[in-house]
Amino acid sequence: MKTDEIISIFDEQAPNYDSRWKRMAPVSDALYFFVKTIFARLPEKARILCVGAGTGKEIVFLAKYFPDWRFTVVEPSQGMIDVCRKTMENKGLTQRCMFHEGFLDTLPKDREHDAATCFFVSQFILEQDERSDFFKQIAIRLEPKGLLVSADLVADIFSKDYPDLLELWLKVMSDAEVDEPALHKMKETYENDVAVLPSQKVKSIIALGGFDTPVRFYQAGLIQAFFAQRSKEID
Ligand SMILES: C[S@@+](CC[C@H](N)C(=O)[O-])C[C@H]1O[C@@H](n2cnc3c(N)ncnc32)[C@H](O)[C@@H]1O
């Protein structure tokens with residue numbers, strides 16, 4: 001997806017983003033529950049790079065459990081980052097956040113982050129080399145042993161079980177039966193506008209971006225999440 005398309009889609013979604021996704025909270029809460037343990041080995045005063053932080057849900061969660069952590073909020077949509085700023089203000093978290101409205105390429109390449117979160121972001125990069133390069137942009141902003149946690153829509157869209165999984169996923173998201181045209185439309189969206197790729201492919205894209213042995217630690221419906229440590233070799 002082109003960068004200006006992404007910005008306009010999320011600018012439009014921003015005012016209702018949190019209410020729209022509220023019913024999927026059990027899925028994101030379970031994801032965060034795992035991330036809490038994966039990140040437990042980070043320093044007491046860790047700095048976390050939150051790429052595509054959106055309205056800041058992951059930050060609110062992590063900030064509660066790790067009171068001395070600070071967050072770099074990277075978000076290109078003004079609508080989304082405005083909601084995020086407001087949420088942080090309401091939760092008393094503003095002082096712990098550095099807000100960067102823009103993409104990663106305009107964030108200084110300081111290796112000051114102990115870890116990064118990247119939830120439902122890389123799936124919008126359709127070109128695989130570009131997607132690996134995106135992960136490299138994260139890797140070069142991490143400490144040598146920095147950790148990445150990344151989640152996306154992940155599936156083998158050519159597998160036999162994909163139509164049933166997709167149907168279930170749509171029912172879960174909408175809390176309703178899904179008719180054939182709606183199913184077909186979503187199938188096309190996931191084929192053309194979002195890079196829904198098999199697990200192994202996503203792992204190799206992350207690894208090529210400068211991370212060792214990505215581990216898939218979570219799956220719920222079409223969502224899968226991976227953690228990985230920054231490779232030694234990257235410059
Ligand atoms: C689906 S939302 C997810 C937001 C948040 N991470 C969450 O889990 O609720 C994706 C967010 O990533 C942002 N985004 C999309 N492409 C991006 C990119 N290449 N770099 C940084 N952010 C991006 C969008 O503007 C949007 O706010």
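Tell me, yes or no, whether segment 5-24 has at least one residue that is within 8 Å of the ligand (Cβ to nearest atom), of a type in the set (Phe, Trp, Tyr), over 21 Å from Gln137 (Cα atoms) and at pLDDT 95 or above.
yes
More than 15 Å from the ligand (Cβ to nearest atom) and of a type in the set (Ser, Thr, Tyr) - does that describe any residue in segment 89-103?
Taking every residue of segment 89-103 in turn, at least one turns out to be more than 15 Å from the ligand (Cβ to nearest atom) and of a type in the set (Ser, Thr, Tyr).
Taking the condition touching a residue at least 60 places away in the same chain (Cβ under 8 Å), within 25 Å of Asp105 (Cα to Cα) and under 16 Å from the mean Cα position of the chain (by Cα), does Leu148 pass?
Yes.
Being under 17 Å from Phe227 (Cβ atoms) and either within 16 Å of the ligand (Cβ to nearest atom) or not assigned by TED's automatic domain parsing to the domain that holds Lys203 (or both): is that true of Val172 here? Before the answer, list the steps.
On the way: under 17 Å from Phe227 (Cβ atoms): no; either within 16 Å of the ligand (Cβ to nearest atom) or not assigned by TED's automatic domain parsing to the domain that holds Lys203 (or both): yes.
In short, no.
Give, as residue ranges, the strands (runs of 3 or more DSSP E) completely inside segment 53-151 that count at least 3 residues that are surrounded by fewer than 19 Cβ atoms within 10 Å (Cβ to Cβ) and either modelled with pLDDT of 95 or more or in contact with a Cys (Cβ under 8 Å, 6 or more places away or on another chain) (or both). Walk me through how you get there before you give the answer.
Details: elements: 70-75, 97-101, 113-119.
In segment 53-151, the matching strands (runs of 3 or more DSSP E) lie at 97-101.
Based on what the data block shows, is Glu177 at pLDDT below 95 and charged (D, E, K, R)?
Working: at pLDDT below 95: yes; charged (D, E, K, R): yes.
Criteria met by Glu177.
Does segment 41-48 contain at least one residue that is surrounded by fewer than 19 Cβ atoms within 10 Å (Cβ to Cβ) and outside any loop (DSSP other than H, G, I, E, B)?
yes
Enumerate the pairs (first residue in segment 72-92 and closer than 14 Å to Ile59 by Cα; second residue anywhere and within 11 Å of the ligand (Cβ to nearest atom) and of a type in the set (S, T, N, Q)) with beta-carbon separation below 7 Å, excluding pairs fewer than 6 apart on the same chain, so at least 6 apart or on different chains.
Listed pairs, sorted by first residue: Met80/Thr55; Val83/Thr55; Cys84/Thr55; Thr87/Thr55.
All but one of (1) modelled with pLDDT of 95 or more; (2) open to solvent by 40 Å² or more (accessible area, probe 1.4 Å) hold for Val27, so report the exception by its number.
Evaluating Val27 over (1) modelled with pLDDT of 95 or more; (2) open to solvent by 40 Å² or more (accessible area, probe 1.4 Å) leaves (2) as the failure.
Among the residues of segment 195-235, what is the count of those that are under 22 Å from Ile138 (Cβ atoms) and surrounded by 17 or more Cβ atoms within 10 Å (Cβ to Cβ)?
The total comes to 21.
Can you pull out every residue in segment 158-194 that is in contact (Cβ under 8 Å) with a residue 40 or more places away in the chain and surrounded by 15 or more Cβ atoms within 10 Å (Cβ to Cβ)? Don't jump to the end; show me each part of the working.
First, the residues of segment 158-194 that are in contact (Cβ under 8 Å) with a residue 40 or more places away in the chain: 165-166, 168-169, 172-173, 175, 193-194.
Scanning segment 158-194 gives Leu165, Leu166, Trp169, Val172, Met173, Val194.
Take the conditions among the basic types (Lys, Arg), touching a Gly at 6+ places or on another chain (Cβ under 9 Å) and over 20 Å from Gly146 (Cα atoms) and apply them to Lys64. Does it pass?
When the stated conditions are applied, Lys64 does not pass them.
Against the condition assigned to a helix (DSSP H, G or I) and more than 15 Å from the chain's Cα centre (by Cα), how does Ala30 come out, does it pass?
Numbers: assigned to a helix (DSSP H, G or I): yes; more than 15 Å from the chain's Cα centre (by Cα): no.
In short, no.
Between residues in segment 1-20 that are of a type in the set (D, E, K, R) and open to solvent by 50 Å² or more (accessible area, probe 1.4 Å) and residues that are within 8 Å of the ligand (Cβ to nearest atom) and not in a helix (DSSP H, G or I), which pairs lie under 7 Å by C-beta distance while being six or more apart or on different chains?
Pairs found: Asp11/Ser77; Asp18/Thr55.
The values are calculated or read from the model by the stated rules, or taken from the named source; none is laboratory data. Not measured: the values here are computed from a predicted model. Quick reminder, even Gly has a Cβ in these numbers, built from the backbone with ideal geometry, and neighbours come from all protein chains shown. Keep in mind that these areas ignore ligands, DNA and RNA; they rest on the heavy atoms of the full protein, side chains included. Shrake-Rupley method; radii C 1.70, N 1.55, O 1.52, S 1.80 Å.
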